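For reference, the structure is listed below as C-alpha cells.
The numbers here are math on the coordinates, done by the rules we state, and not lab data. Keep in mind the model is a prediction, meaning the values are calculated, not measured. Every residue, glycine among them, receives a Cβ derived from its backbone with ideal geometry; neighbour counts consider all protein chains shown.
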Amino acid sequence: MTTNVTIRVDEDLKKQAEELFSDFGMNMTTAYIMFLKQAVREQRIPFVPSRNIPNAETIAAIEEAGAMRSDPSTKRFSSVDELIEELNSEFIKKLVFAWDPDFTKATPDEAARIKAAEESGFVSEDEIDWDKIGR
C-alpha cells in the first residue's frame, strides 16, 4: 500500500532538484523514495548521491592547464620519464645552490662540472659525487 506525501518547497530549489535528479536518471518521487529507504536502512540522513562540481581551485587549475596547453613557450615532455628527469635535475640544482650558491665549497673540478651542467640545463645524479658533499 502507498500513500501520498505533500511537501512544500521553494520553486527554484524544486527546479534545481528536478534537474539534478534528471541527470541521475530519476524523477523527484524516485529520489524521495530512495532518500527515505536509505535513511531508514542506515538510521541516519544519507548524503551519498552528489554531482561532481569542481570547486574554485580546481576550476582555476583547469583554466591554467588550458592556458599552458595553448602557450607555445610552455616546456613540453615526450614521456613521463623525461618529465621526471627534468624534475630531478631541478631538485639537484636547488640542492647544490642551497649548499653552495657561489661554488666556494666545491673543488675547482666540481665547480666547473656544476657550471657546465647549469649551462647545459641538466645535472645528472651520476655527475654528483655525493660522498664529497658537505666536506
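Annotations for the structure displayed:
- Summarising the overall dimensions of segment 70-110 from its C-alpha atoms, the Rg and Dmax are 14.5, 44 angstrom.
- The angle between the Cα long axis of helix 56-70 and the longest principal axis of the Cα atoms of the chain comes to about 50 degrees, rounded to the nearest 10.
- Tensor-based shape of segment 1-53 (alpha-carbon gyration tensor, a/c under 1.5 rounded, otherwise prolate or oblate): oblate
- Cα shape, the chain, gyration tensor, a/c 1.5 rule: prolate
- For segment 88-101, backbone phi angles converted through the Karplus equation (6.51, -1.76, 1.60; θ = phi - 60°) give residue-by-residue couplings of 4, 4, 4, 5, 5, 4, 5, 4, 5, 5, 5, 6, 8, x Hz, Gly and Pro being listed as x.
- Computed label-point distance, nm, for sites residue 8 and residue 87 using a 7 Å Cα→Cβ extension: 5.7 nm
- Our summary gives the chain a relative contact order of 14 percent, counting only alpha carbon pairs under 8 angstrom and 6 or more residues apart.
- Listed residues 44, 69, 113, most fluctuating in the chain (Gaussian network, C-alpha, under 10 Å): 44
- Within the straight-line cut-off of under 24 Å between alpha carbons, the lysines reachable from residue 75 are 93, 94, 115, sequence neighbours fewer than 8 places apart in one chain being disregarded.
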